[in-house]
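The values are calculated or read from the model by the stated rules, or taken from the named source; none is laboratory data. Worth saying up front: this structure is predicted, and the values here are computed from it rather than measured. Cβ placement follows ideal geometry from the backbone for every residue including glycine, while neighbour counts extend to all protein chains displayed.
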Amino acid sequence: MARPVHQQLHQARTEEILAAARAQLTTSGLSGFSLRAVARRLELTPNALYTYFPCLDDLLTALLVDTFQRFVAAIQAADIPNEPRCARRFGSVCTAYRAWAVANPTDYDLIFGRPIPGYHAPAAITAPLSTQAFAVGLKILVDAAHTQQLHVPPRYQDIPPADAASLAALPYQADAPPVLRSLMLTVWSRLHGLVTLEIHGNTREAIAGPAAWFARNVACLIAEIGLSP
């Protein structure tokens, strides 16, 4: 059933506001980010914007949700469920991680960068979204373990009991043991480090071909964690 026209218009305006908010963040950073600044960019009065987002925190939350959803969609689309070689699936997901971050550096910093001063994201809304992309890679590791394509080196199997309990309590991929959860967290941390250095320009002078450099690091990481090529 088609949505009423007013709902369609409201959704279109909301998306327009989010696009303007993202552009404002890109050009001015957090220091120049406010409801009034976004309203000026849209040539709206602040009161018109308050109809959609009563306060700045509401706008930031909506922007986070929208950004996480687009990031997760890119990661999920990169998986190849029918591919029997889990290493290829894993490499595809890692490549998508970098590609999205490079194409959307402001968005990447918004969801994975420093906390926004004075803003506290509602965990009930953002936490489930923040783990969905992580769960894609974890599912591949679980599939690899089930098909004997993953042999975790001993150095990655020694997990402190307190960490093992915390990892086991994470609310996704119920059949993933703490060892695989810890392994995926290690991989995620490495990917984040590589990508963050690149999008902030820290490796620009040292690395002539960042895509190839990233691919080599991913290949080394896949071998390092015991994932069969």
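Considering the conditions (1) in contact (Cβ under 8 Å) with a residue 60 or more places away in the chain; (2) at positive phi, THR106 is excluded by exactly one of them, (2).
Kindly evaluate SER189 against the criterion of being within 18 Å of ILE111 (Cβ to Cβ) and at pLDDT 90 or above. Judged against the criteria, SER189 is a match. For TYR119, only one of the following conditions fails: (1) in contact (Cβ under 8 Å) with a residue 60 or more places away in the chain; (2) over 18 Å from LEU18 (Cα atoms); (3) not β-branched (Val, Ile, Thr). What is its number? Result: TYR119 fails condition (2) only. Applying the criterion of being small (Gly, Ala, Ser) and free of Cβ contacts under 8 Å to residues at least 60 places away in the same chain to the residues of region 83-103, the residue that is farthest from LEU64 (Cα to Cα) is SER92.
Conditions tested, residue by residue: (1) in contact (Cβ under 8 Å) with a residue 40 or more places away in the chain; (2) surrounded by 11 or more Cβ atoms within 10 Å (Cβ to Cβ); (3) not aromatic (Phe, Trp, Tyr).
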site	(1), (2), (3)
TYR156	yes, yes, no
ASP163	no, yes, yes
SER166	no, yes, yes
LEU170	no, yes, yes
ALA176	no, yes, yes
GLU198	yes, yes, yes
ALA212	no, no, yes
ILE222	yes, yes, yes
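Scanning region 119-175 for residues that are of a type in the set (Lys, Arg) and closer than 17 Å to PHE90 by Cα returns a single hit, LYS139. Exactly one residue among ALA99, ALA62, ALA73 is among the small types (Gly, Ala, Ser), modelled with pLDDT of 95 or more and more than 10 Å from the chain's Cα centre (by Cα), and that residue is ALA99.
Among the residues in region 128-143, are any outside the structural domain of SER34 (by TED's automatic domain parsing), in contact with a Cys (Cβ under 7 Å, 6 or more places away or on another chain) and either assigned to a loop (DSSP other than H, G, I, E, B) or over 19 Å from PHE214 (Cα atoms) (or both)? Yes, that holds for at least one residue.
Residue-by-condition table, conditions (1) among the aliphatic types (A, V, I, L, M); (2) assigned by TED's automatic domain parsing to the domain that holds ILE140:
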position: LEU25; (1), (2): yes, no
position: GLY32; (1), (2): no, no
position: ALA37; (1), (2): yes, no
position: ASN47; (1), (2): no, no
position: GLN76; (1), (2): no, yes
position: PRO84; (1), (2): no, yes
position: SER92; (1), (2): no, yes
position: ARG98; (1), (2): no, yes
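Restricting LEU191, LEU183, LEU227 to residues that are more than 19 Å from the chain's Cα centre (by Cα) and either basic (Lys, Arg) or crowded, with 18+ Cβ neighbours inside 10 Å (or both) narrows the list to LEU227.
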